[in-house]
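The values are calculated or read from the model by the stated rules, or taken from the named source; none is laboratory data. Fair warning: this is a prediction, and the values are worked out from it, not measured in the lab. Methodologically, a virtual Cβ is constructed for each residue, glycine included, from the backbone with ideal geometry; neighbour enumeration extends over all protein chains shown. Areas reflect the complete protein model, heavy atoms only, side chains present, ligands, DNA and RNA absent. Shrake-Rupley method; radii C 1.70, N 1.55, O 1.52, S 1.80 Å.
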Amino acid sequence: MPDTTEEIQSKVLDLTVEAFSTFAEDIETMFDTEVTAQQSDITEGTPDDLKDAYKKLAAVCSVTAEGAVNGEFHIIFDKDGVFTLPGTFVMQPEQVILQNRKSGKQEEAQEIGDALAEVGNLLVGAWDRIFREELEGHKHFVQSGTFIGNVWANTEESLRIKPDEELSILSFEMTVAPLPPFNCSVIYPKSVFEPVAEAPSEEAPPEAEAPAEETPAEETPAEETPAEEAPAEEAVPQAEVSAEEPKEAQDKGPVTEAISKMAESPAYLPGDFSDVSGILSGLKAKDVMRKQVSWATAEATVEDLVAKMQQDDTGYIMIGDGEKLQGIVSKSDVRGAMSPYLQSMFAKWRSSMDVATLQIKSKWVMSRPVRTVTPEASLQVIVQTMTEHGGRCTPVVDTAGKVVGTITVFDVFYALLNCSTASQSAGRAVEAPPLA
Amino acid sequence: MAKSLLVVDDSATMRKIITRTVRKAGLSVDDDIKEAGDGNEALTRLEEGNVDIILCDINMPGMGGLEFVKKVREDPTKASTKIIMISTESADELIDGVKADGADGYVTKPFTPETIQKELTPYM
């Protein structure tokens, strides 16, 4: 067993590199994805030395050690790591993780805080195995806290160390393929390396784990908002960003374009439809909408959505609580989220990651914000809404904000067809089709 | 016949990961895998009936896994219910202790579908 502070420090730093590799292997094992951890730096300093690498939003997993290493130390993840590791745990799609890395804020990070606590749990497990095997006198590690937010607002609260405390800092670059790397550092206050008097030998009964059970994972409340939060108008919500992305449900596409041209010029319609303008302005949303609306919650999985679409025989699902609309998911959105290897013809090449795409949540694939129309809106307004804002399905919402129906481009076509057929039948004699 | 499962973990993320892994393991289990956030809630689920196998975390707020195992084993009507512990803790003394208290198996994280399959197959 190492006796001096220097010996303990040297041994612990060596084992930390090994423990981090084991942590990466554990994630690889559980989530069937390539994970690497490379040591990038080793320094001594104070918390201030970490400021450049861990700006504003970061996460800290605190671990309490007993035995040869004694006291609390911390693992800090940069913003990219905050979203990458927990995102991998909850099987977020790659594009959602990348989007969060780019523009995610405290709110999005808190949403996956539970998964971050599990990251810490797995990390502690991996380290415990390595230190138990290779460091004589090691007893155990216990996860003692998780912090997400602006670490620098109050380091005594976030890192639980004094601003001038002397630290050993071991930094790593981690990669979860195929995502870009992120940074993390292990922060050891030097006091944890000081040799402690050997405690009387007693076998730890299972009950000895009780303190860990009573330690809340979420030590830090959500109020730990970064001090330099962007102004409201600058804080681009994910919804708005995703609305700008090319998504099938939002694209104008040839069908919507065709309707648009009809709205602009009745002459575009094949045949003699002299009263198309009248139809477009005379028919209202309430006349053509489908009253049966399919709903799912934002937490519903792609698997749930597929089942719901089949059950209700619909191509669009409203996301929300049954009245208030949060977003909309089309069949194409669902198809885009699912791995193509789920098709039966690819079954023999299918991996667990492909099956896992069925667990993607609707809130990650839905389109938002959703453009809606009122029941009194004319067909002309509906067509204009679809054309200007994209989307092939428009929810109809009453004055109380409740969704009372939906209209798709096909409903518009059907209404036009019905009206023109009725008008033709009423105005002219029905002619027999020409003989071939 | 498909077995009925109860997954007990204070982390919703881990409950989901365990459920997903069990399904990937290809075992014959009910579609509706029950969940509980701690030992107390798990006891309530057990009272509702029809649980063959429990997959249980150790470190949970409220009633933890160790106390939960003891409680279940105190009830002779639950003698046939199998309890598999799942934890990152890998100390031999802990594993031996919880098995002595009545747990039927122990899975250390990280686990894979193969690990889960190996541990649960004897009880299927």
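Rounded to the nearest Hz, the phi-derived 3J(HN,Hα) couplings of the range B:116-124 under the Karplus curve 6.51 cos²θ - 1.76 cosθ + 1.60 (θ = phi - 60°) are 5, 4, 4, 6, 8, 3, x, 9, 8, where x marks glycine and proline.
Couplings 3J(HN,Hα) for the range B:60-70, derived from phi with the Karplus relation 6.51 cos²θ - 1.76 cosθ + 1.60 (θ = phi - 60°), are 9, x, x, 8, x, x, 5, 5, 4, 4, 4 Hz, where x marks Gly and Pro.
Residues A:Thr297, B:Thr108 ordered from highest to lowest accessible area at a 1.4 Å probe: A:Thr297, B:Thr108.
FRET efficiency for the A:Val196 to A:Glu157 pair, using the beta carbon distance and R₀ = 41 Å, is estimated at 0.95. For B:Asp30, the residues whose modelled amide H falls within less than 5 Å of its own, excluding neighbours fewer than 5 places apart on the same chain, are B:Lys3, B:Ser4, B:Leu5. A 1.4 Å probe, protein heavy atoms only, puts the accessible area of A:Lys361 near 30 Å². Once backbone amide H atoms are built at 1.01 Å from N, A:Ser144 has A:Ser62, A:Val63, A:Thr64 as its partners under 5 Å, excluding neighbours fewer than 5 places away on the same chain. Probing with 1.4 Å while keeping every protein chain in the model, the per residue accessible area of the range A:17-96 equals 36 Å². Partner shielding of B:17-27 amounts to 2, given as the average count of beta-carbon atoms from other chains within 10 Å of each residue beta-carbon.
List the residues of the range B:43-73 whose accessible area drops by at least 40 Å² when all protein chains are present, compared with their chain alone, using a 1.4 Å probe and counting only protein heavy atoms. Those residues are B:Asn59, B:Leu66. Amide H contacts of B:Glu35 (H built 1.01 Å from N, in plane; Pro and chain starts excluded): B:Val7 sit under 5 Å, all sequence-distant by 5 or more or on other chains. Computed over the range B:5-123, relative contact order equals 26 percent, with contacts defined as Cα pairs under 8 Å that lie 6+ residues apart. Of all lysines in the structure, those lying under 17 Å Cα to Cα from A:Lys102, and not within fewer than 8 positions of it along the same chain, are A:Lys55, A:Lys56, A:Lys79. Chain A contacts chain B over a buried accessible area of about 2400 Å², both sides summed; the probe is 1.4 Å and only protein chains count. Heavy-atom accessible surface of A:Glu94, to the nearest 10 Å², is about 90 Å², with a 1.4 Å probe and all protein chains retained. Accessible surface comparison of A:Tyr341, A:Tyr414, probe 1.4 Å, protein chains only, largest first: the order is A:Tyr414, A:Tyr341. So which residues of the range B:97-124 lose at least 40 Å² of accessible area, probe 1.4 Å, when you go from the chain by itself to every protein chain present? At a threshold of 40 Å² (probe 1.4 Å), the residues of the range B:97-124 that become less exposed are B:Lys109, B:Pro110. Backbone phi angles across the range A:85-97, fed through the Karplus curve with coefficients 6.51, -1.76 and 1.60 (θ = phi - 60°), yield HN-Hα couplings of 5, x, x, 5, 4, 9, 6, 5, x, 3, 5, 5, 4 Hz in residue order; Gly and Pro are listed as x. Across A:His389, A:His74, the residue with the most accessible area heads the list, and the full order at a 1.4 Å probe is A:His389, A:His74. Compare each residue of the range A:115-131 in its chain alone against the assembly with all protein chains, and report those whose accessible area goes down by 40 Å² or more; 1.4 Å probe, heavy atoms. Flagged in the range A:115-131: A:Glu118, A:Asn121, A:Arg129. Kindly identify the range B:5-123 as rounded, prolate or oblate by the Cα gyration tensor criterion: order the square roots of the eigenvalues as a ≥ b ≥ c, call it rounded if a/c is under 1.5, otherwise compare a/b with b/c, prolate if a/b is larger, else oblate. Since a/c stays below 1.5, the shape of the range B:5-123 is classed as rounded. Carbon-plus-sulfur accessible fraction, the range A:86-147 (probe radius 1.4 Å, protein heavy atoms only): 46%.
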